[in-house]
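Written below as structure tokens is the structure these notes are about.
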Amino acid sequence: MTQLQKQPDPPILPSPMVFGKLFNRLRGGNTPSLQPLPLEALVATAPQNTPSTAERLRQAAESLLRREEMLDARNRLSGYRFTRSAGADEAAFLQALADVDVADFARRRQALVPISARALMANAHVPLAAPGSIFLVDLNQEQLSPAEWRPLLEKIRAAGARTGLRGLTAAPEHAALLGLADLAILSLNDYELPQFQRLARTLKQASPQLLLAADDVPTWPERRMCGSWNFDYCLGPFSTLADSEEPEGQLDNSRVVLMEMLNLIRAEADLADLGNVAKKDPGIALKVLALANSPAAGLAAPVASLEQAIMVLGRQRLYRWLTVAMFRVGTPRDRDEALLEVAMTRARFMETVADGVLEKKECDELFLVGLLSLFDVLLNMPLSKVLELINLAEDVNTVLLRSEGPYARFLQLALAVERGRAEQAADLALSLGIDPASLTPTSLMALAWAEEALGNSTADL
């Protein structure tokens, strides 16, 4: 199997052990709390204006890993599909997954990894195998008979992982593969709807334990349709889009209180004023007190007043918690937690990748841009209406409403990384003075941080 070619004079990057420690922490290990990536891991020295330097950095970006959300039948985020960017070969892709210890990640969540017959023959799947690893084989892309496929699929199971099949049909020649398949993926783009529904029903009847995943689901109406046809998982752009069939949302009292507190912090109001607003919602007041009295605060004696609690937490930490709490107050839907993870990962990525390029205050504002960029989806309201109620910095408003201003390229970079657009991500990174080779590690670090923060109920924000 061809290995990823080593580039001359690479920038300093976090070692693979860093990711092992991160994912160990996610499983409850004793690794210390996550810290921002060191500056040298994120920011390139000013690139030389020569084609060779630009090409070297572009090649590093070609190994960019793309993550796609995988939502279960209740719209909870069960895991991710990892795919390679256009132009990256499979050897580099699988090596990148091994380098970041995706097997460790797959011990607690599902990791869907496309793989070829050739890679399976070379045992390239073994370093990535874990109970949550699902190796996705496309039967239509390989010129192998079911009899030739069988020993390869058996290797996946022997490694302790699971098998996903694309192109699986109810034809007699595929019957021998049904017993080795844990998941069948059907793309809405590959079938007419009657054929799509019929095939799903037939596969379930032939193998009741088989899980079904619908791919390329564009919007929420199609998501509901797949749910009515008993699909277990859905993948596609719908997960971060507003639901056009839902009525426009309303701001409940809890979110209004949170927005009032956010505005007071921005205005550097007195602690007493902040405490008085928090008292308007007992749930918020109790949560602020609980955060201040958590073991992470390390207090010798518990605090009893909201003013003391706010002083203990600090304005910056409280500001972050209030923003995150916007996703969780009221009557949250299962999908809201998935949205929050995507938003927090995006926010952390933007904040961290800008460290050393921008001042700390601007990095903090980038964190807010990332979180707020999905508020319209969360609330099912035009973002302009939401932002009218929050006193934000002008640069934050400008990027969220018009995709303009000094933060616009950072948001574009985050979106390019999320969507696996390696060439666009490389161009944006270079224009911002950031090494494209740092994008994948920074993105995965951001995901690990978001998972840990959410697992701790945001107590460490």
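Oblate is the label for segment 241-381, because the ratio a/c of its alpha-carbon gyration tensor axes (a ≥ b ≥ c) is 1.5 or higher and a/b is not greater than b/c.
For ASN263 and SER305, what does the FRET efficiency come to when R0 = 25 Å and r is the distance between their Cβ atoms, rounded to the nearest 0.05? Efficiency for this residue pair is about 0.70.
Between GLU394 and GLU245, the simple label model (points 7 Å from Cα in the Cβ direction) yields a spacing of 4.4 nm. Model label points for GLN195 and ALA122, set 7 angstrom from Cα along the Cα-to-Cβ axis, are 3.4 nm apart.
How much net charge surrounds GLY370 when only the other residues with a Cβ under 9 Å from the Cβ of GLY370 are counted, with Lys and Arg +1 and Asp and Glu -1? Don't skip to the end; give the middle numbers.
On the way: positive: ARG346, ARG348; negative: GLU351.
Neighbourhood net charge equals +1.
Taking 0.36 nm per residue of separation and subtracting the current Cα-Cα distance, fully stretching the chain between ARG224 and ASP273 would add 13.2 nm.
Ordering HIS174, HIS125 from largest to smallest accessible area (1.4 angstrom probe), what's the sequence?
The ranking, largest first, comes out as HIS174, HIS125.
Estimate the FRET efficiency between SER384 and THR202 by the formula 1/(1 + (r/R0)^6), using the beta-carbon distance for r and 41 Å for R0, to the nearest 0.05.
Working: r = 47 Å, r/R0 = 1.16.
The computed FRET efficiency comes out at 0.30.
A DSSP coil position with no more than 15 other Cβ atoms inside 10 Å describes the following GluC sites (Glu not before Pro) in segment 322-365: GLU359. Take segment 203-287 with all the other protein chains still there, run a 1.4 Å probe, and you get 47 Å² of accessible area per residue.
With a probe of 1.4 Å, find how much accessible area segment 326-461 has per residue, and write the answer as a whole number in Å². Write out the running numbers ahead of the final one.
Values: 4460 Å² over 136 residues.
Solvent-accessible surface per residue comes out at 33 Å².
Loop-resident trypsin sites (Lys or Arg not before Pro) (DSSP state other than H, G, I, E or B) in segment 292-367 with no more than 13 further Cβ atoms inside 10 Å of their Cβ are absent.
By the gyration tensor of its Cα atoms, with a ≥ b ≥ c the square roots of the eigenvalues, what is the shape of segment 140-279: rounded for a/c under 1.5, prolate for a/b over b/c, or oblate? Spell out each step's value before the answer.
Working: a/c = 4.05, a/b = 2.53, b/c = 1.61.
Prolate, because a/c is 1.5 or more and a/b exceeds b/c.
On the basis of the beta-carbon distance and an R0 of 45 Å, SER403 and ALA296 show a calculated FRET efficiency of 0.80. Sparse packing (at most 12 other Cβ atoms within 10 Å of the Cβ) combined with a DSSP loop state is found for the following GluC sites (Glu not before Pro) in segment 236-308: GLU245, GLU248, GLU268. Stretched out straight at 0.36 nm per residue, the stretch from ALA171 to ASP89 would grow longer than its current Cα-Cα span by 26.3 nm. Here the accessible area of segment 145-220 is 54 percent carbon and sulfur, with a 1.4 angstrom probe and all protein chains present.
Can you spot the aspartates and glutamates whose alpha carbon is less than 12 Å from LYS280's alpha carbon? Ignore those fewer than 8 places along the same chain. Once the sequence-local aspartates and glutamates are set aside, what remains near LYS280 is GLU260.
The modelled label-to-label distance for the pair GLN209/LEU286, using points 7 Å beyond Cα in the direction of Cβ, is 4.4 nm.
Express the carbon and sulfur contribution to the solvent-accessible surface of segment 353-461 as a percent, rounded to the nearest whole number, probe 1.4 angstrom. For segment 353-461, the apolar C and S fraction of the accessible surface comes to 46 percent.
The values are calculated or read from the model by the stated rules, or taken from the named source; none is laboratory data. Not measured: the values here are computed from a predicted model. In this analysis, Cβ positions are derived from the backbone assuming ideal geometry, glycine residues included, and neighbour counts consider all displayed protein chains. These area figures cover heavy atoms from the full protein model, side chains too; ligands, DNA and RNA do not enter into them. Shrake-Rupley method; radii C 1.70, N 1.55, O 1.52, S 1.80 Å.
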